[in-house]
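This report refers to the structure that appears directly beneath it.
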Amino acid sequence: EQEAKNVAAFLGIAEVSFLGEADRQLKVSETLIDKVAEIIKTSKAAAVFFPAVLELHPDHRATAQLVWGALQKIADHALTAASYEISVQSPINCLLDVSAQMTGKLEALALYESQMEQNSYSDCVGALNRARSFTLPTDVNYAEGLYIYSPEERQQSLHAVFAAFTATLF
């Protein structure tokens, strides 16, 4: 939690919320969905970003499901909902040039010292963002892949949205 608070301070984020669940033990429940919905409503956010459903870490996948459940409870379709990639390429419908922000992004990642002891996440994230620039103009060196959900998609289960997206690939 302290590392997350350090990153938030580095990024200029004033408030951070934690659900109090143990690492790798986050489970989807109505209680946690309600907590996440309350956090979203209280923040008066215009947009909510959450990990893509294909992420490898079980807590990231659970977070996607918790946020999705909360968004469905809130049912505010003016609120932008977008998933982002952390460690794997996922379905996306938006690419953002983050070339100018990449140094700061890697500096923020480095503040997760305990994570960096386990793996070179900065290298992995840098490689993913570099790979996402493949189809963009040559002056774009790094891109962030997002999936921005439509109001129609937000009325479906996350599984149904993902299934519909992958069905268009074949």
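The values are calculated or read from the model by the stated rules, or taken from the named source; none is laboratory data. All figures in this text were calculated on a predicted structure; none of them were measured in a lab. Neighbour counts run over all protein chains shown; Cβ positions are idealised from the backbone, glycine included. Heads up: the accessible areas ignore ligands, DNA and RNA and are worked out on the full protein's heavy atoms, side chains in. Shrake-Rupley method; radii C 1.70, N 1.55, O 1.52, S 1.80 Å.
Brief remarks follow.
- Net charge contributed by nearby residues that have their C-beta within less than 11 Å of L54 (K/R +1, D/E -1): -1
- All Cα pairs of the range 29-114, percent lying beyond 17 Å: 57
- Of S122, S114, S87, the one that fluctuates the most in a GNM where the chain has Cα springs shorter than 10 Å: S114
- Size descriptor, Kirkwood hydrodynamic radius, that averages inverse alpha-carbon separations across the chain, Å: 17.2
- For the chain, modelled as a GNM whose springs connect Cα atoms under 10 angstrom apart, the maximal fluctuation among T80, T138, T103 occurs at T138.
- The longest stretch of the chain left intact once loop-based GluC sites (Glu not before Pro) with at most 10 other Cβ atoms within 10 Å are removed from consideration, loops following DSSP, is 16-151.
- Per-residue ellipticity at 222 nm, computed for the chain from helices alone with -39500 (n - 2.57) per DSSP H run of at least four residues, works out to -13500 deg cm²/dmol.
- Residue among P51, P137, P91 with the largest mean-square fluctuation in a Gaussian network model of the chain, springs linking Cα atoms under 10 Å: P137
- DSSP-defined antiparallel bridges as percent of all bridges, the chain, nearest 5: 60
- Expressed as a whole percent, the accessible area of the chain that falls on carbon and sulfur atoms is 56 (1.4 Å probe).
- Potential lengthening of the chain between A160 and K73 amounts to 29.6 nm, from the contour at 0.36 nm per residue minus the alpha-carbon distance.
- Shown are F134, F50, F18, F170, whose ranking by accessible area with a 1.4 Å probe and every protein chain present, most to least, is F170, F134, F18, F50.
- The residues of the range 1-91 expose on average 57 square angstrom of accessible surface per residue, using a 1.4 Å probe on protein heavy atoms.
- Å² per residue, accessible surface of the range 100-170 at 1.4 Å: 63
- Annotation for the range 8-32 versus the range 71-121: alpha-carbon center distance of 15 Å.
- Reachable lysines from K44, criterion Cα separation under 21 angstrom, eight or more residues apart if same chain: K5, K35, K73
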